[in-house]
Amino acid sequence: MRNVSSLYDLRTARLTLKGTIGLVPTMGYLHEGHLSLIKRAKEECEHVIVTIFVNPTQFGPNEDLSTYPRDLERDSSLIQSLGVELVWNPSVEVMYPPGYQTWVEVEALTRPLEGALRPTHFRGVTTVVAKLFNATQPDKAYFGQKDAQQAAVIRQMTRDLNFPIEIVVCPIVREADGLAMSSRNKYLSAEERKAAAVLFRALSAAKEAYEAGEREGELIRRKMKEVLAGEPLAQMQYVSCADYDTLAELDVIEGRTLLSMAVFLGKTRLIDNIVLG
Ligand code: AMP
């Protein structure tokens, strides 16, 4: 496995890889969710490139950029054990050299949900992913359903900018109690960690209501709020019952639907979702 950080070394190493390339972009501090993406890429492509880059432009001014967990050594040994050829860990200066001024923005899809609360987040995500696509030239790129809006936005960007790349979205990997794996789970105290299972309980309760025939968006949202309200450590930021493709809030559920939420456990902001239909 080659670990490179400069753009020159990445390009040189990339040129030696013949055959299909799968890209797995990450911010590191890897867990089973990330590893599931890498394993899927290994199954479907001849070579896999993993990128590790805590992208400053997708963090807001009051977010956790400076405290975001990092452990490159552990990440490298996990990746190596999966038989990955190439790991790219660029510095901020490599990705955003002095004088940097070019941005990629997806419009309507970035406005609701996460975009409404984190107004510069998706511009940072799409810009860095476009740069990762250009540098690594993959045939397929792997993302997690955990960040459902991000996956939708990247699919849109890929189509709009004619990247010849297939976007593969992989299922959410969860802990035994249903908590979606996330690098940010490390921030949780023991009490908060226990309480964090409430996100999946709320999503599951709404799914049960849907399966029992409920189709009113507002009642589905209320169901999720009720369950979240039962956990005193959880502070809801939003719950959503939206069209899977447009992310517009639904009055009545008809087709494929995304139930999603953002919830604070203490200072830690967690997101989760589930798809209906
Ligand atoms: P991150 O390092 O948080 O930027 O995540 C890198 C990729 O891993 C993104 O495409 C995420 O959606 C995906 N991912 C994160 N957590 C999970 C999870 N629990 N299950 C599946 N994919 C995940």
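The values are calculated or read from the model by the stated rules, or taken from the named source; none is laboratory data. The structure displayed is predicted, hence computed values, not measured ones. Ideal geometry is used to build each Cβ from the backbone, glycine not excepted, and the neighbour counts take in all protein chains shown. These area figures cover heavy atoms from the full protein model, side chains too; ligands, DNA and RNA do not enter into them. Shrake-Rupley method; radii C 1.70, N 1.55, O 1.52, S 1.80 Å.
With a 1.4 Å probe and all protein chains left in place, how much of the accessible area of the chain comes from carbon and sulfur atoms, in whole percent?
50
Would you please put 153-162, 253-262, 170-179 in order of how densely packed they are, using the mean number of other Cβ atoms within 10 angstrom per residue and starting with the highest?
Packing order, densest peptide first, comes out as 253-262, 153-162, 170-179.
Please report, for the Cα atoms of the range 194-277, the Rg to one decimal and the Dmax as a whole number; what are they, in angstrom?
Answer for the range 194-277, Rg first and Dmax second: 12.1, 36 Å.
On a 0 to 90° scale, report how tilted helix 32-44 is relative to the longest principal axis of the chain, with both axes built from alpha carbons and the result rounded to the nearest 10.
So the inclination is approximately 60 degrees.
Going through the range 104-143, which GluC sites (Glu not before Pro) have at most 14 other Cβ atoms within 10 Å and a DSSP loop state?
Of the GluC sites (Glu not before Pro), the ones in loops of the range 104-143 whose Cβ has at most 14 other Cβ atoms within 10 Å are Glu105, Glu107.
Ignoring ligands, DNA and RNA, what accessible area per residue does the range 42-111 give at 1.4 Å, in Å²?
About 55 Å² of surface per residue is accessible.
Apply the a/c threshold of 1.5 to the C-alpha gyration tensor of the range 1-99 and tell me whether it is rounded, prolate or oblate.
oblate
Rounded, prolate or oblate: which fits the range 90-169 when a ≥ b ≥ c are the square roots of the eigenvalues of the alpha-carbon gyration tensor, with rounded for a/c under 1.5 and prolate only if a/b beats b/c?
oblate
Taking 0.36 nm per residue of separation and subtracting the Cα-Cα distance, what length does fully extending Ala229 through Lys267 add?
12.0 nm
Provide the net charge surrounding His121, with neighbours chosen by a C-beta distance below 11 Å and charges set as Lys +1, Arg +1, Asp -1, Glu -1.
Around His121, the surrounding residues sum to -1.
Give me the 1.4 Å probe accessible area per residue for the range 132-277, excluding ligands and nucleic acids, in Å².
With all protein chains present, the range 132-277 gives 46 Å² per residue.
Let's test the formula: R0 of 35 Å, r as the Cβ-Cβ distance of Asp243 and Arg174. What FRET efficiency results, to the nearest 0.05?
0.90
So which lysines pass the test for Lys39, namely a Cα distance under 16 Å, with those fewer than 8 places away in the same chain ruled out?
Counting by Cα, and skipping residues close in sequence, Lys39 has these lysines nearby: Lys140.
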